[in-house]
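*Asks:* Before we start, here is the structure in question, set down as structure tokens.
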Amino acid sequence: MSDKPQSRLPEWAAGGKEPGFASRVMDGVTTAHDGLPGPRREPAPAPQANLPPRLTVADYYQGIRQGSRGILARAITLVESNLPRHGELAQQLLQDVLPYAGQALRIGITGVPGAGKSTFIEGLGCQLCQQGHKVAVLAVDPSSTVTKGSILGDKTRMEQLNRHPNAFIRPSPSSGTLGGVARKSRETMILCEAAGYDIILVETVGVGQSEVTVRSMVDCFLLLVLTGAGDELQGMKKGVMELADFIAVNKADGDNRVRALTARGEYEQILHYLRPATEGWVTQALTCSALYGDGIPELWSKVEQFIKHTRASGAFAARRQNQALAWLRTMVEEHLYRRFYDHPAVKAQLPRIEQGVAGGALMATKAVRELLDIYECGQSL
């Protein structure tokens, strides 16, 4: 007998030479008949995709006014869409809900990556919800350069707040928008306010872009900072610090508490030399621990004092009016931008002109004049 192992077919294989196979492989059924006795059976219909039904403007309006978070999320998606038909529905919906918006407090929160913005917002949001407030969080993520989608997923990092029935969290990709704020953030705030949310927290990207956009859409602006800023503090003096109504030194706990108090003193000294972001209000520096909740109630008490003060002085109403005008100008700029680059004549000549500028054969200033001439001639036809 040979020691070489003999090749054996598995027991389920058809046509094996070994006797006593328990099963055979049958040919597949290529017709509607299943091979069993009985009448011919028609094939089952292909499963249909379980898509949600299309909603009308009235459906969106009713769901938002009833406080449905699901309908609110779909309405925000409608507003963020770039499809022309969605844009028409969105504008009609926004006009319908506008009378119910504008009563919420809008708080902008920014800071460098690692400052603890998400942890701070969750701690603040949970405390506000426990006090009976309805809190909407617009967490604007950095965008992927490939898919243009969010890459941080702030909603997954605010698990406790996300489960609270009085909270609504909407992460949105910034899509490269200057200031780290989603292009449709203002419209989203209107929808959230119409749904009954009385406090809107806007978390920005905070990666060094200009935060002027944030300042132009909120009532109060909070800057979260860390200890040991050193040279970074000097570089921030003429930047975002001039836009902030409050500066909070986060992570003031444990061994870091002493350093946080020292950093707070440094910020207070520098704030004396800066022009306040809000007329009649002196920007304040505070400490807090978002992880343990220390200092957050005191900070919110200061925010309430700020809102009361600005409403009494008229600065609150004036800021809202200026924000509405800034929104108008921004929308006009965006409309003209899209209209210019979507113009057929501009599209046809743009590659040639860009190639000339890139190759050094055409001055950029002359190229701009040529493009504008092309657009204006096309408009007059």
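The values are calculated or read from the model by the stated rules, or taken from the named source; none is laboratory data. Quick caveat, the model's predicted, so the values are computed rather than measured. A quick note on method: Cβ atoms are made from the backbone with ideal geometry, for glycine too, and the neighbour counts reach across all protein chains shown. For accessibility, only protein heavy atoms count, side chains too; no ligands or nucleic acids. Shrake-Rupley method; radii C 1.70, N 1.55, O 1.52, S 1.80 Å.
*Asks:* How do the pairs read when you match residues in the stretch 214-231 that are of a type in the set (Ser, Thr, Tyr) with residues anywhere that are at pLDDT below 85 and surrounded by 23 or more Cβ atoms within 10 Å (Cβ to Cβ), using Cβ under 6 Å and keeping only pairs 6 or more apart or on different chains?
*Replies:* none
*Asks:* Here's another thing I want to ask about it. Considering only residues that are surrounded by 14 or more Cβ atoms within 10 Å (Cβ to Cβ) and either in contact with a Leu (Cβ under 7 Å, 6 or more places away or on another chain) or more than 15 Å from residue 372 (Cβ to Cβ) (or both), look in the stretch 323-345 and name the one that is modelled with the highest pLDDT.
*Replies:* My answer is 323.
*Asks:* Among the residues of the stretch 102-126, write down those that are in a helix (DSSP H, G or I) and out of contact with any Gly (no Cβ under 7 Å at 6 or more places or on another chain).
*Replies:* 118, 119, 120, 121, 122, 124, 125, 126
*Asks:* Quick check: anything in the stretch 292-311 in contact with a helix residue (DSSP H, G or I) (Cβ under 7 Å, 6 or more places away or on another chain) and at positive phi?
*Replies:* Yes, the stretch 292-311 has at least one match.
*Asks:* Residues that are under 21 Å from residue 188 (Cβ atoms), out of contact with any Lys or Arg (no Cβ under 8 Å at 6 or more places or on another chain) and polar (S, T, N, Q): find the helices (runs of 4 or more DSSP H) completely inside the stretch 315-381 holding 3 or more of those.
*Replies:* In the stretch 315-381, the matching helices (runs of 4 or more DSSP H) lie at 315-341.
*Asks:* Check residue 36 against each of (1) at pLDDT 95 or above; (2) more than 53 Å from the chain's Cα centre (by Cα) and name the one condition it does not meet.
*Replies:* (1)
*Asks:* In the stretch 277-294, how many are farther than 11 Å from residue 246 by Cβ and surrounded by 13 or more Cβ atoms within 10 Å (Cβ to Cβ)?
*Replies:* Within the stretch 277-294, residues that are farther than 11 Å from residue 246 by Cβ and surrounded by 13 or more Cβ atoms within 10 Å (Cβ to Cβ) number 7.
*Asks:* List every residue pair whose Cβ atoms sit under 7 Å apart, with the two residues 6 or more apart in sequence or on different chains, where the first one lies in the stretch 42-71 and is open to solvent by less than 100 Å² (accessible area, probe 1.4 Å) and the second, anywhere, is assigned to a loop (DSSP other than H, G, I, E, B) and at pLDDT 95 or above.
*Replies:* Note: pairs meeting the criteria are 64/195; 67/195; 67/196.
*Asks:* Any chance the stretch 295-307 includes a residue that's open to solvent by 50 Å² or more (accessible area, probe 1.4 Å), among the aliphatic types (A, V, I, L, M) and either under 30 Å from residue 186 (Cα atoms) or outside any helix (DSSP H, G or I) (or both)?
*Replies:* No: the stretch 295-307 contains no residue that is open to solvent by 50 Å² or more (accessible area, probe 1.4 Å), among the aliphatic types (A, V, I, L, M) and either under 30 Å from residue 186 (Cα atoms) or outside any helix (DSSP H, G or I) (or both).
*Asks:* Further question: Would you pick out the residues in the stretch 82-101 that are touching a helix residue (DSSP H, G or I) at 6+ places or on another chain (Cβ under 8 Å) and in a helix (DSSP H, G or I)?
*Replies:* Across the stretch 82-101, the qualifying residues are 86, 89, 90, 92, 93, 94, 96, 97, 98, 100.
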